[in-house]
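Each value in this text was obtained by applying a stated rule to the coordinates, not by laboratory testing. These numbers were taken from a predicted model, which means no experiment stands behind them. Every residue, glycine as well, gets a Cβ built from its backbone with ideal geometry; the counts of neighbours run over all protein chains shown.
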Amino acid sequence: MILLLLQLFWTFFLIGLFGFGGGYAMLSMIQGEVVGHYHWMTMGQFTDIVAVSQSTPGPIGINSATYVGYTALVNAGYSPAWGIMGSFLATFAVVLPSFILMLLISKFLLKYRNHPSVENVFSGLRPAVVGLLLAAALLLMNRENFSSLSENPWRFCLSIFLFLFAFIGQKVYRLGPILIILLCGFAGIILGL
Amino acid sequence: MFELLKTFFQIGLFTIGGGYAMIPLIERKVVDEKRWVSEQELLDLIAVAQSCPGIFAVNLSIFIGLKQRGKTGALVSAIGTCLPSFLCILAIALVFQQFRENVYVEHFFHGIRPAVVALIALPVFRMAKSAKINRYNIWIPLVAAFLIWMLGVSPIFVVLAAGVSGYVYGKYLKDDFVNS
């Protein structure tokens, strides 16, 4: 238990410290550590957490840290009360680096943000963050989220359809993410996905 | 001090769908109503908060709290921004725990999952545009994605390596190429 809490803290501290590029890039990091490295939850559970994080108030980074902290403890067999402890720890850890950095270097940053060295670092970071997002999307396209042709052809085909619907709905028709999530959720209930 | 907590609690509560959706609300509350920072200062702060690691909205609130009331102000503002998320998510997590086995909840989430993948896939294109991806640097996101997707490399490591490579390339290699 202590080990799990420490790992949780350390993981989210690192994610807070190196989480460049916004909420979605952070999701990719959380996915990498929490699902890929520590196996605290399955890819399907992580996807559900992303769905809830996107459709509830607050920054996605905070929402997902809170939810992942809870789920990691509960999945490991501890009570919901310990789950709350886990979510507090994860949230605290992901914010802590921001806090330290801001206190130490906010003045420095205001002055040097156009310095060539900072520009150089970001010329490498920005394209890499695009790759992070791409990897996150590819990793999410798995059997747990879409099922498969052999396992459940009905669910697989409908999943592909809902994926295209969500993609086109947002890209072409500019539907909001919450509306898309709700529509697809209710489609899932009606069609017995 | 209570004003800081209340304002950032409201900002956290009424923004759904990520940090950048918060900017108009932050602008109205912090610049127009409270006059804690000027329009120009806010723009500078946004630029810095974007280039800092961590959660954009939290970075911004820490900045403004720090400027307004020092370290305690920064702490209070950060708590204000995080608290709505924390409470909402915990409420959902605790309720969801009870209904996880429910067949309708299961169908609902089965329907949602492909949509979430699409919602994650879309920003790839948007960010590719804003990161100015072209045929000369497109190998960077492709290699990064391949390392993470196929070889299971940690995204944290990829970000670190990309930052260091960008620095080294810009400082030591770029000029040589231009000169030669």
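For the protein assembly as shown, with only Lys/Arg (+1) and Asp/Glu (-1) charged at the beta-carbon, what is the dipole magnitude about the Cα centre, in debye rounded to 20? Provide the component values of the computation, followed by the final result.
Working: 24 positive and 16 negative charges, 131 e Å.
The dipole of the protein assembly as shown has a size of about 620 debye.
Scalar couplings 3J(HN,Hα) for the range A:104-112, obtained by applying the Karplus form with A = 6.51, B = -1.76, C = 1.60 to θ = phi - 60°, are 7, 10, 5, 5, 4, 5, 4, 7, 9 Hz; x denotes Gly and Pro. Comparing B:Gly152, A:Ile2, B:Asn102 along the charge dipole axis of the protein assembly as shown, the residue lying farthest to the positive side is B:Gly152, per the Cβ-charge model.
With viscosity set to 0.692 mPa s and temperature to 37 °C, compute the Stokes-Einstein D of the range B:125-179, Rh being the Kirkwood radius across alpha carbon pairs; µm²/s, no decimals. All intermediate terms of the calculation are to be shown ahead of the outcome.
On the way: Rh = 12.6 Å.
My calculation gives 261 µm²/s for D.
Would you kindly calculate the mean projected area, averaged across all directions, of the convex hull enclosing the Cα atoms of chain B, in square nanometres? Value for chain B: 15.0 nm². Taking Lys and Arg as +1 and Asp and Glu as -1, the other residues whose beta-carbon sits under 14 Å from that of B:Phe96 total -2.
Per-residue 3J(HN,Hα) values for the range B:2-9, derived from phi via the Karplus relation 6.51 cos²θ - 1.76 cosθ + 1.60 with θ = phi - 60°, read 5, 4, 4, 4, 5, 4, 6, 4 Hz in sequence order (x marks Gly and Pro).
Once both labels are positioned 7 Å from their Cα atoms along Cα-to-Cβ, the gap between A:Val172 and A:Leu103 label points is 5.2 nm.
Roughly what angle does helix A:116-140 make with the longest principal axis of chain A, taking Cα atoms, 0 to 90 degrees, to the nearest 10? With both axes taken from Cα atoms, the answer is about 20 degrees.
In the range A:80-143, one over the average inverse separation of all distinct C-alpha pairs is 15.2 Å, which is the Kirkwood hydrodynamic radius. Taking the C-alpha atoms only, the angle from helix A:60-75 to the longest principal axis of chain A is near 70 degrees. Couplings for the range A:6-12, taken from phi via the Karplus curve 6.51 cos²θ - 1.76 cosθ + 1.60 with θ = phi - 60°, read 5, 4, 4, 4, 5, 4, 6 Hz in order; Gly and Pro are left as x. Per residue of chain B, the DSSP helices (runs of n ≥ 4 H) give a summed -39500 (n - 2.57) that works out to -24500 deg cm²/dmol at 222 nm. Put a plus charge on the Cβ of each Lys and Arg, a minus charge on the Cβ of each Asp and Glu, and nothing anywhere else: the dipole of chain B about its Cα centre is then about 80 debye.
In chain A, helices alone account for a calculated mean residue ellipticity at 222 nm of -26000 deg cm²/dmol, with every DSSP H run of four or more residues adding -39,500 (n - 2.57).
When the Cα positions of A:Gln170, A:Leu140, A:Ser150 are compared along the charge dipole of the range A:97-189, A:Gln170 comes out farthest toward the positive end, with charges on each C-beta of Lys, Arg, Asp and Glu. Taking the protein assembly as shown as the region of interest, the number of lysine pairs whose Cα atoms are within less than 22 Å, with members eight or more places apart or on different chains, is 17.
Taking amide H as placed 1.01 Å from N in the peptide plane, B:Ile16 has its amide H under 5 Å from the amide H of A:Gly58, each at least 5 places away in sequence or on another chain. When the Cα positions of B:Gly80, B:Gly70, B:Gly111 are compared along the charge dipole of the range B:1-121, B:Gly70 comes out farthest toward the positive end, with charges on each C-beta of Lys, Arg, Asp and Glu.
Altogether, the Stokes-Einstein calculation at 25 °C and 0.890 mPa s, with the Kirkwood radius of the protein assembly as shown over Cα pairs as Rh, returns a diffusion coefficient of 116 µm²/s. Net charge around A:Ser159, counting only other residues with Cβ within less than 12 Å of its Cβ (Lys, Arg = +1; Asp, Glu = -1)? Taking every other residue near A:Ser159 into account, the sum is +1.
Quote the Stokes-Einstein diffusion coefficient, in whole µm² s⁻¹, for the range B:2-99, based on the Kirkwood radius over alpha carbon pairs, a temperature of 10 °C and a viscosity of 1.306 mPa s. Provide the component values of the computation, followed by the final result.
Details: Rh = 13.7 Å.
D, rounded to a whole number, is 116 µm²/s.
Other residues within the sphere of radius under 13 Å centred on the Cβ of B:Phe109, judged by their own Cβ, net out at -1 (K and R +1, D and E -1). Note: chain A, Cα convex hull, 153 Å³ per residue.
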